[in-house]
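Some notes on the structure that comes next.
Taken together, the values in this text are just the output of simple stated rules run on the coordinates, not laboratory data. Just so you know, these numbers come straight off a predicted model, no measurement behind them. Ideal geometry is used to build each Cβ from the backbone, glycine not excepted, and the neighbour counts take in all protein chains shown.
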Amino acid sequence: MSVKQSEEKIHLSNIDQVASSLPLTSSSTIGLEFLKTIDQLYVSQQPSLSEAIFGIASESKFDIYDDKKVRILQALETSTFFQRFCCTSKRCFQLNIMNNNNQNIMLIKREFKCCSGCCWCAGAQCCSQEVTVESPPGTFIGTVSQQGSCFRSIFAIKDEQDNHILTLRSPLVICDGGCSCCCENKFVLIGTDGETEIGAIHKRYHGYLHEVTTSADAFSLAVPMDLDVKIKALSLAALFLIEYMLFSVVSKNN
């Protein structure tokens with residue numbers, strides 16, 4: 001991934017303000033300890049040959065890298081053909097996050113909701129896009145859920161006690177496809193005060209040919225180093241939710 005490190009760093013004018021906007025939790029969970037020393041992650045989806053040929057979404061595979069571009073995790077989707085063929089971006093799935101020892105350290109789940117996606121009606125639970133997160137699998141650590149809004153997608157990141165920890169806010173205009181090279185596609189992570197930017201998720205442009213022939217995408221996630229490891233894991237789950245919700249539609253140009 002040809003991404004300049006300087007583009008990924010959070011440029012902060014007031015470090016004390018950001019620190020005061022971080023959750024006051026301090027915890028760990030088995031398998032996530034390595035996240036203590038990580039403030040940036042890069043996620044690259046593997047292209048699917050069958051998807052490029054037939055135009056039908058396949059079970060997604062993602063490689064997850066640290067800031068030194070070393071692969072540290074892999075995410076593997078489990079879903080049915082019917083869901084991928086008929087529901088695409090709304091499909092029900094399970095995403096298994098495994099380390100390099102093939103140990104499953106995290107599980108992300110999303111249920112199918114037929115009316116979900118529109119930010120206007122996301123205030124209703126039956127219409128809100130949501131993922132639940134377990135780490136290790138079987139131990140619930142929180143959720144990422146779409147919130148009702150007028151003009152943009154907004155997501156609430158909540159812990160296992162349903163406390164609203166962080167907010168993820170999308171840009172007003174989201175671009176995808178071959179002609180999206182000029183779009184920033186920056187999703188801002190907002191702290192507990194509801195105002196301070198503490199991190200961001202960027203959707204990266206892969207090049208014209210790649211964008212028009214496959215739905216495989218690349219993202220980067222930047223968070224404060226001292227953010228709780230569970231919240232970092234939930235932020236990664238938020239990245240996958242916006243990938244499936246906003247960028248997983250298979251191109252029809254192949």
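Modelled spin-label separation between F81 and F54, with each label point placed 7 Å from Cα along the Cα-to-Cβ direction: 0.6 nm.
Distant-in-sequence amide contacts of T196, defined by a placed amide H-H separation under 5 Å and a gap of 5 or more residues or a different chain, comprise G191. For the stretch 128-172, the relative contact order works out to 28 percent when only alpha carbon pairs closer than 8 Å and six or more residues apart are counted.
With a Förster radius of 22 Å, plug the Cβ-Cβ distance of N101 and V70 into 1/(1 + (r/R0)^6) and report the FRET value to the nearest 0.05. E(calc), rounded to 0.05, equals 0.95. Taking each of K36/K113; K69/K232; K36/K61; K36/K158 in turn, the alpha-carbon distance tops 23 angstrom for K36/K113; K36/K61.
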